[in-house]
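J.: Got a structure here, written out as structure tokens. Questions coming.
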Amino acid sequence: MDLFETSLISGVVSGLLYALAGVGLVVIYRVSGYVSFAQGDIAAVALYLGFWLHQGGAPYLLVAVSVVVAGALLGGLIGRFVVVPMERFGILAAAMATIAVGITIQGMENAFIGGEARPFPSAGEGTAVTIGSVSLTWADVISFIVCGAIVAALATGFKRTRVGIAMRAVHDNPSAAEMLGVASVSLKRMSWIVSGALAGVTGLFIAPVYSLTPTSVNAIVVFGFAAIVVGGFDSIAGAVVAGMVIGVATNLTAAYINPDLVTTSLFLMLVTVLLIRPQGLFGRRPIARV
Amino acid sequence: MSTTSAAPATTNGRPPRDERVAASLRTGRGILLPGRILLLILVAVVVLIAGVTGDNPLKYSLIIGTIYAIAILGNNAITGTLGEINLAAGAFMAIGAYTASYTLSRGWGLATVVLAVIVVSLLLGLLIAIPTVRLSGLFTALATFALAYAIPDLALALSSITGGDAGTAITPPIIGDTLIDGSATELLIAVVVLFVVLAAVNVWLFSRSIGSRLLTVGEAPHAARSFGLRPLLLKIGVWTWAALLGGIAGLCYALAVGFLNPTVFTVFLSISLLAGGLVGGPRSVVGAWLGGLLVGTLPPNIQSVVPASSTGIVFGVVLLAALLAGSGGLGQLLERTTIAPLMRRKGR
């Protein structure tokens with residue numbers, strides 16, 4: 001029973017983190033129609049900066065802010081100079097460009113920093129709250145609150161703000177958006193900055209748990225992909241629910257079946273949802289003119 | 001990758017020869033078929049001479065490069081005809097490699113092992129293809145990315161077959177008096193002949209009506225349905241063909257390296273194969289070979305400059321360059337500068 005409880009509660013906590021990883025991908029998808037496979041790599045670079053600052057004695061808050069700013073900056077640069085210009089060859093070419101950027105960054109990290117695992121500071125040590133037999137640390141609670149707040153803010157931003165609506169317009173009907181004076185290229189570049197910052201935030205909560213390596217954040221971004229596909233690309237609330245479902249399901253798989261089958265179960269969930277409901281559990285069915 | 005063009009017809013109802021050559025270059029079909037086969041044989045001769053006369057490291061890297069080329073040939077069928085991104089080419093190789101490893105360790109003969117690899121690759125390929133062909137574009141890339149991510153963990157979970165973390169040694173088959181491993185000239189000859197045969201079948205099939213059907217399905221799916229084609233069935237065929245070639249490449253890979261570890265079949269391998277295919281040109285069989293040789297021979301030969309763990313830099317830059325250069329790749333460049341002028345001259 002304890003194992004079940006632990007799987008359930010930690011699944012919900014990590015599920016929100018998966019949702020945040022997914023939402024970082026949705027920001028670019030909303031404007032450009034593809035996802036970035038380099039999110040984890042952008043986060044890793046920003047986290048290495050944070051790691052060195054921490055080694056130099058910087059307080060956690062400064063480390064956290066630096067990681068987020070570095071993520072935003074790097075994301076913005078990659079979007080501005082590599083991926084957005086690549087969109088003229090099509091969205092699949094742009095998506096492949098993000099893969100190219102990702103493996104280049106990984107290669108550079110391996111060459112200049114090394115692939116060994118490094119400990120990353122946590123947002124808070126010690127038990128903050130106990131639910132049944134499960135103790136949650138301050139880092140878990142802070143992660144839950146921060147992820148929840150960011151996801152809620154983005155959901156509101158996409159629905160209620162002019163920028164959010166303009167982002168949707170650029171993806172749904174680029175010509176109409178252009179005629180209405182929406183600066184689509186600027187919005188695309190901005191989406192990369194926001195997405196990079198979100199990658200930094202996600203990394204801040206992942207690195208203390210999995211240690212910092214060139215690929216440790218990437219491993220969680222795959223769960224983020226799954227969260228947005230299962231939840232539906234156009235539904236932030238869907239990504240949250242799907243993230244939690246994925247968190248609980250993969251925890252139960254690890255606890256009761258085999259930890260090595262977690263990624264296989266993720267793949268099966270992804271394919272099942274794509275086959276039964278391609279728009280995701282909470283997404284809108286796209287209407288296409290034939 | 002649209003190949004549709006309106007060519008002015010001549011009096012006999014056929015487009016001018018120059019137009020046919022240009023169309024053939026774009027599509028990978030048509031009038032350049034004999035030239036493509038000739039080019040394939042020429043590259044095979046060059047690879048064989050280099051491998052037989054060169055030292056063992058060169059021979060080994062040519063073997064690995066040609067094995068990757070077989071996998072790329074399959075992957076190119078998906079990229080070049082259906083226009084989809086498959087990020088799980090390494091998964092298909094893993095299926096073939098582990099089937100070979102398991103059956104060889106049970107003392108099966110090489111012919112039975114090959115048959116087992118073909119059957120298992122076809123069956124598992126079909127199993128993966130049936131759900132995957134219902135997806136398209138970004139969703140295909142995401143689903144195959146998740147599959148590629150799952151493969152190393154799945155290999156750990158199936159430790160009774162794969163040896164888990166510790167990996168598994170391949171029992172090398174003996175043919176006559178020769179032990180078949182990565183240093184055997186016989187293996188180099190075998191993989192080169194295998195590639196030439198598979199590539200010739202590929203280019204011949206693509207030049208038949210099945211090729212135009214596949215291109216229609218890939219480029220104009222709605223029109224394909226209107227013409228009475230069955231896109232899902234054709235797509236399943238392409239994906240299964242890719243799985244078969246991936247499985248055969250996996251079998252050869254297992255024989256060449258002699259030891260399998262789950263960390264071999266990562267997303268990075270699949271991305272490298274995709275990059276190799278794009279650099280070589282997704283509609284050119286010679287391009288697939290050049291792409292495979294690039295993926296197989298470049299990392300060991302630049303290790304003094306770029307360490308093995310950092311080859312991502314090279315493949316990342318190469319992939320970006322291939323995307324910027326367009327869809328034709330090195331293969332089309334080679335065809336454009338060698339066989340296309342010959343075919344044009346022949347017509348005058």
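Read the figures in this text as sums done on the coordinates, not as results from a lab. No experiment lies behind these values; they were computed from the predicted model shown. Don't worry about glycine lacking a Cβ; one is built from the backbone with ideal geometry, like all the others, and counts go over all protein chains shown.
J.: Would you please give the residues with an amide H less than 5 Å from that of A:ASP234, counting only those at least 5 places away or on a separate chain, with H modeled from the backbone geometry?
T.: Residues meeting the amide H criterion: A:ARG284.
J.: While we're looking at this one, here's another question. For segment A:66-217, what does the alpha-carbon gyration tensor say about shape, rounded, prolate or oblate, given a ≥ b ≥ c as the root eigenvalues, a/c under 1.5 as rounded, and a/b over b/c as prolate?
T.: Oblate, since a/c reaches 1.5 and b/c is not below a/b.
J.: Moving to a separate point now. Any chance you could tell me what percent of the C-alpha pair distances in segment B:10-78 go past 18 Å?
T.: Taking all Cα-Cα pairs of segment B:10-78, the fraction more than 18 Å apart is 58 percent.
J.: Can you list which of the DSSP-assigned H helices in chain A have a Cα extent of 18 Å or more along the long axis and an average Kyte-Doolittle score of at least 1.0?
T.: Once both thresholds are applied, what remains is A:2-32, A:60-78, A:91-112, A:138-160, A:184-210, A:216-231, A:236-252, A:262-276.
J.: Can you tell me the relative contact order of segment B:133-200? Whole percent, Cα pairs under 8 Å, sequence separation 6 or more.
T.: Once divided by the residue count of segment B:133-200, the mean separation gives 10 percent.
J.: Same structure, new question: Compute the Cα gyration tensor for segment A:210-290, then decide on rounded, prolate or oblate, letting a ≥ b ≥ c be the square roots of its eigenvalues: rounded whenever a/c is under 1.5, prolate when a/b is larger than b/c in the other cases, and oblate in all that remain.
T.: Prolate, since a/c reaches 1.5 and a/b exceeds b/c.
J.: Considering every Cα-Cα pair within the protein assembly as shown, what fraction, in whole percent, is farther apart than 37 Å?
T.: Of all Cα-Cα pairs in the protein assembly as shown, 37 percent lie more than 37 Å apart.
J.: Now a separate question. If Rh is defined by the Kirkwood formula over all Cα pairs and Rg also comes from Cα, what ratio Rg/Rh do you get for segment B:249-328?
T.: 0.98
J.: Using the Cα gyration tensor of segment A:1-108, with a ≥ b ≥ c the square roots of its eigenvalues, what is the shape: rounded (a/c below 1.5), prolate (a/b larger than b/c) or oblate (neither)?
T.: Working: a/c = 2.44, a/b = 1.29, b/c = 1.90.
It comes out oblate by the Cα gyration axes.
J.: Further question: When all alpha-carbon pairs of segment B:154-215 are counted, what percent fall beyond 16 Å? Before the final figure, lay out each step's value.
T.: Numbers: 1276 of 1891 pairs.
When every Cα pair of segment B:154-215 is considered, 67 percent fall beyond 16 Å.
J.: Based only on other Cβ atoms within 10 Å, what is the fewest-to-most ordering of A:ARG277, A:ARG162, B:ARG20?
T.: A:ARG162, A:ARG277, B:ARG20
J.: One quarter of the convex hull surface, Cα atoms only: what value does that give for segment B:48-155 in nm²?
T.: Values: hull surface 34.2 nm².
It is 8.6 nm².
J.: Quick one: if you take sqrt(5λ) for each eigenvalue of the C-alpha gyration tensor of chain A, what semi-axes come out, biggest first, whole angstrom?
T.: 30, 24, 18
J.: Enter the per residue convex hull volume of segment B:270-314, computed from alpha-carbon coordinates, in Å³ rounded to the nearest integer.
T.: Cα-based convex hull of segment B:270-314, divided per residue, equals 58 Å³.
J.: Oh, and also: Helix B:110-132: angle to the longest alpha-carbon principal axis of chain B, degrees 0 to 90, nearest 10?
T.: Between helix and principal axis, roughly 60 degrees.
J.: I would also like to ask the following. Which angle from 0 to 90°, rounded to the nearest 10, does the C-alpha axis of helix B:33-53 make with the longest principal axis of chain B?
T.: Helix B:33-53 and the main axis of chain B meet at about 30 degrees.
J.: Based on the alpha carbon coordinates of chain B, what radius of gyration and maximum Cα-Cα distance (Dmax) apply, in Å?
T.: Gyration radius and largest Cα-Cα distance of chain B: 20.0, 69 Å.
J.: Further question: Can you compute 3J(HN,Hα) from phi for each residue in segment B:15-27, using the Karplus curve 6.51 cos²θ - 1.76 cosθ + 1.60 with θ = phi - 60°, rounded to whole Hz and x for Gly and Pro?
T.: Result, ordered by residue: x, x, 4, 4, 5, 5, 5, 4, 5, 5, 4, 5, 8 Hz.
J.: Treating the angle as unsigned and between 0 and 90°, give the value, to the nearest 10°, between the Cα long axis of helix B:185-207 and the longest Cα principal axis of chain B.
T.: 30 degrees
J.: In segment A:103-193, what GluC sites (Glu not before Pro) fall in a loop by DSSP, with at most 11 other Cβ atoms inside 10 Å?
T.: Sparse-neighbourhood loop GluC sites (Glu not before Pro): A:GLU116, A:GLU125.
J.: Now for a different question. Around A:ALA128, which amide H atoms from residues at least 5 apart in sequence, or from another chain, sit under 5 Å from its own amide H, with H modelled in the peptide plane?
T.: Placed amide hydrogens put A:LEU136, A:THR137, A:TRP138 under 5 Å from A:ALA128.
J.: Here's another thing I want to ask about it. If you average the alpha carbon positions of segment B:190-226 and of segment A:149-184, how far apart do those two centres end up, in angstrom?
T.: So the two Cα centres are separated by 42 Å.
J.: Also: Could you give the radius of gyration (one decimal) and Dmax (whole number) of the Cα atoms in segment A:7-51, in Å?
T.: Answer for segment A:7-51, Rg first and Dmax second: 13.0, 36 Å.
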